[in-house]
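The values are calculated or read from the model by the stated rules, or taken from the named source; none is laboratory data. The structure presented is a predicted model; accordingly, all values stated were derived computationally and were not measured. Glycine also receives a Cβ, built like all others from the backbone with ideal geometry; neighbour counts cover every protein chain displayed.
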């Protein structure tokens, strides 16, 4: 996750497992693969100001997408979202939503992420409820936001995309940003993308987001030094299970979303490890096996190969007893 220059330390790391969300993400991949070949979803950067700079921004995003190895014809980026751990049942069970609780969105009214864990941690509460979500995001026809769209002499509510949805047919907005470390006023630098310290990705469709890892943070001194980071599995609720999972509901028990510690210690290499035992360059190609029996294994895999989760559409000719 890179160096952490802020005031947080890692308390605990958990791996998310939500089969329904994973299957939905796989279905969304097929939609994106189809759409990216359609004329309606092709970029038209030449219609915008400073198209050369915008192409540089897209090149930076493309470099991030290339870090995620997979076997599908889509762009997938690994990003971070800082949040309050009290929101985890909703985020992991129901998905992300654009609520605009802090503001209406400087660069669009959507869900905000960053490729920098350190930058994303700035949006965490400064207490024991701080956590980071590592997510995979499908990238389709991103719009590059530059200085022209958010100049330094303009108030944020006057930015070109403040409080607005996705621009034209672009499905997300990508913004390299920089700013004073002591403030939260980060915007595209006048000097261009090469001078941007961080970035922001605004996503407008929650189906394009797959949460994978939760990193619980702590400020120094909150916990004893004897407590060591332990990777756990979060058995995230499905949509049906999460109807009554508000933290204000009397039946809410956050511990039920956390399974027992994994028997094997995981090397938490975020670049190459997602959920379970996957190859070094295999972020998306295998299901998590755990200790499931062969029958359950066959039910989930059907006729797929072990390393082929995304290569085949669901078959209609499955046997009646396959579920």
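Would you pick out the residues in the range 34-66 that are outside any helix (DSSP H, G or I) and under 19 Å from residue 175 (Cβ atoms)? Steps first, answer last, please.
Within the range 34-66, the subset outside any helix (DSSP H, G or I) is 36-38, 42-44, 48-50, 66.
Result: 43, 44, 48, 49, 50.
Could you list all residues from the range 82-111 that are within 21 Å of residue 14 (Cα to Cα), touching a residue at least 60 places away in the same chain (Cβ under 8 Å) and in contact with a strand residue (DSSP E or B) (Cβ under 6 Å, 6 or more places away or on another chain)?
If the condition is that a residue be within 21 Å of residue 14 (Cα to Cα), touching a residue at least 60 places away in the same chain (Cβ under 8 Å) and in contact with a strand residue (DSSP E or B) (Cβ under 6 Å, 6 or more places away or on another chain), then 85, 92, 96 are the ones that fit.
When residue 100 is evaluated against the numbered criteria (1) at pLDDT 95 or above; (2) under 23 Å from residue 187 (Cβ atoms), which criterion, by number, is the only one it fails?
If we test residue 100 against (1) at pLDDT 95 or above; (2) under 23 Å from residue 187 (Cβ atoms), just (1) comes out false.
Of everything in the range 157-187, what is out of contact with any strand residue (DSSP E or B) (no Cβ under 6 Å at 6 or more places or on another chain) and surrounded by 19 or more Cβ atoms within 10 Å (Cβ to Cβ)? Give them in sequence order. Walk me through it before giving the result.
Going residue by residue through the range 157-187, those that are out of contact with any strand residue (DSSP E or B) (no Cβ under 6 Å at 6 or more places or on another chain) are 157-166, 168-169, 171, 178-185.
Of everything in the range 157-187, those that are out of contact with any strand residue (DSSP E or B) (no Cβ under 6 Å at 6 or more places or on another chain) and surrounded by 19 or more Cβ atoms within 10 Å (Cβ to Cβ) turn out to be 159, 161, 162, 166, 171.
Could you please let me know if residue 123 is modelled with pLDDT under 95, closer than 23 Å to residue 206 by Cα, under 21 Å from the mean Cα position of the chain (by Cα) and surrounded by 14 or more Cβ atoms within 10 Å (Cβ to Cβ)?
Numbers: modelled with pLDDT under 95: yes; closer than 23 Å to residue 206 by Cα: yes; under 21 Å from the mean Cα position of the chain (by Cα): yes; surrounded by 14 or more Cβ atoms within 10 Å (Cβ to Cβ): yes.
Answer is yes for this residue.
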